[in-house]
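Each value in this text was obtained by applying a stated rule to the coordinates, not by laboratory testing. Values in this document were obtained by computation on a predicted structure and should not be read as measured data. Methodologically, a virtual Cβ is constructed for each residue, glycine included, from the backbone with ideal geometry; neighbour enumeration extends over all protein chains shown.
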Amino acid sequence: MSAYSLGALLYEGKAKRVFATDQADLVAVEYKDDATAFNALKKAQLAGKGELNCRISALLFEHLAARGVPTHYLGVDGATWMLVKPVKVIPIEVVIRNVAAGSLCKQMPIEQGTVLEPPLLDLYYKDDAYGDPLLTEARLERLALVTPEQRQAIEALARQVNRELASLFLGVGLQLVDFKIELGFTASGELVVADEISPDTCRLWDVSVSDVQQRILDKDRFRQDLGGVVEAYGEVFKRVQGVCPEPRVYG
Ligand code: TMP
Ligand code: ASP
């Protein structure tokens, strides 16, 4: 028996649905099998993706929490449901790049695979209607989405997430090439990592594979029509599960 009941649908995103519950301090997130890319120009249903992303995110949130990184995560319920704290999400996507790939190589003369030391941190304005544009210092200041102090805290937290996740993944033979996180404030004003952390939002390369396509174990398999998307996510789950405990069941 669950210790809560579902309330209204608060928000439907491309890969998740967010529901209120009968408890003010509890929100339920359903991970969907929908896959989208290029601002939803490319769409598909991938059976099993929702469950894998829910499980992987849960294990990663628990790993981060155990290392002092505050997150919205509270537990899982069934295969595709995650319980989280209600958070006011900051409309900024924080991307950290350890290795050059993706949009960076399309927009800059930087070769794919170039190690970026220190890791590059990019901020994007989260709004599909505008295509999630890269923020400049001046635009960030103009939009006044966060105070300078909050921005500093966001970047410090994102870099801590990067250190923790890069080391966790490396331990299971995966290179964390880059990832995107979203952050928000809880009712008590705490800055936490929100949304999800999964192969939808990370680039992960198998360190033991040299072939530049075969090594990809993330959503680039879908973006580039490489096939084997769910199998790749399953491989990531299997490896992470090998070093992280079972996710905590809520309720
Ligand atoms: P990019 O190379 O396309 O800018 O992506 C950088 C990282 O951010 C990559 O790990 C994928 C992730 N990402 C998202 O999670 N959502 C998005 O909408 C985009 C564009 C990227
Ligand atoms: N998440 C974005 C979309 O659904 C872009 C991407 O991940 O490539 O379109």
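Quote the relative contact order of the stretch 88-199 in percent (integer), defining contacts as alpha-carbon pairs under 8 Å separated by 6+ residues. List each step's numbers first, then the result.
Details: 144 pairs, mean separation 38.1, N = 112.
The value is 34 percent.
Of the cross-linked pairs Lys14/Lys106; Lys43/Lys180; Lys43/Lys85; Lys16/Lys126; Lys42/Lys85; Lys16/Lys88, which ones have a Cα-Cα span greater than 27 Å in the structure shown? Can you show the working numbers first?
Working: Lys14/Lys106 24 Å; Lys43/Lys180 20 Å; Lys43/Lys85 29 Å; Lys16/Lys126 16 Å; Lys42/Lys85 31 Å; Lys16/Lys88 16 Å.
In this structure, Lys43/Lys85; Lys42/Lys85 lie more than 27 Å apart at Cα.
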What is the distance in Å between the Cα centroid of the stretch 1-70 and that of the stretch 139-169?
22
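For the chain, what is the calculated [θ] at 222 nm in deg cm²/dmol (nearest 500), taking -39500 (n - 2.57) for each run of four or more DSSP H residues and dividing by its residue count?
On the way: 6 runs with 73 residues, N = 251.
For the chain, the value works out to -9000 deg cm²/dmol.
Under a Cβ-only charge scheme (Lys and Arg +1, Asp and Glu -1), can you give me the dipole magnitude of the stretch 131-211 about the Cα centre, in debye to the nearest 20? It would help to have the intermediate numbers written out before the result.
Working: 7 positive and 14 negative charges, 44 e Å.
Computed charge dipole of the stretch 131-211: roughly 220 debye.
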Using a Förster radius of 41 Å, what is the FRET efficiency between Leu134 and Lys238 based on their Cβ-Cβ separation? Nearest 0.05, please.
0.75
Length added when fully stretched, Asp122-Leu10, from 0.36 nm per residue minus Cα-Cα
37.5 nm
Based on Cβ point charges of +1 for Lys and Arg and -1 for Asp and Glu, what charge dipole magnitude is obtained for the chain about its Cα centre, in debye rounded to the nearest 20?
140
Describe numerically, in nm with one decimal, the distance between label points set 7 Å from Cα along Cα→Cβ at Leu41 and at Gln107.
1.6
Counting only residues 5 or more apart in sequence or on a different chain, those whose built amide H sits under 5 Å from that of Ile92 are Lys126, Leu183
Amide proton proximity set for Asp132, modelled H, under 5 Å, gap of 5+
Asp127
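Can you list the GluC sites (Glu not before Pro) in the stretch 151-209 that are in a DSSP coil and have 15 or fewer other beta carbons within 10 angstrom?
On the way: sites: Glu155, Glu164, Glu182, Glu190, Glu196; in loops: Glu190, Glu196.
Loop-located and lightly packed - Glu190.
Got a sec? How would Tyr125, Tyr73 order by Cβ neighbour count within 10 Å, fewest to most? Don't skip to the end; give the middle numbers.
On the way: Tyr125 17, Tyr73 26.
By the 10 Å Cβ count, ascending, the order reads Tyr125, Tyr73.
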Give me the one-decimal nm value for the distance between modelled label points at Val89 and Val115, 7 Å along each residue's Cα-to-Cβ direction.
3.4
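Can you sort Leu204, Leu143 from fewest to most other Cβ atoms within 10 Å of each residue's own Cβ? All intermediate terms of the calculation are to be shown ahead of the outcome.
Working: Leu204 29, Leu143 12.
Fewest-to-most Cβ neighbours within 10 Å comes out as Leu143, Leu204.
I'd like to verify something in the chain: which complete DSSP H helices, judged by Cα projection on the helix axis, reach 24 Å or more and average at least -1.0 on the Kyte-Doolittle scale?
Values: long enough: 49-66 (25 Å, 0.39); 148-171 (35 Å, -0.29).
Long hydrophobic helices here: 49-66, 148-171.
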Set the Förster distance to 51 Å, then compute FRET efficiency between Arg159 and Asp22 from the Cβ-Cβ distance, nearest 0.05.
0.85
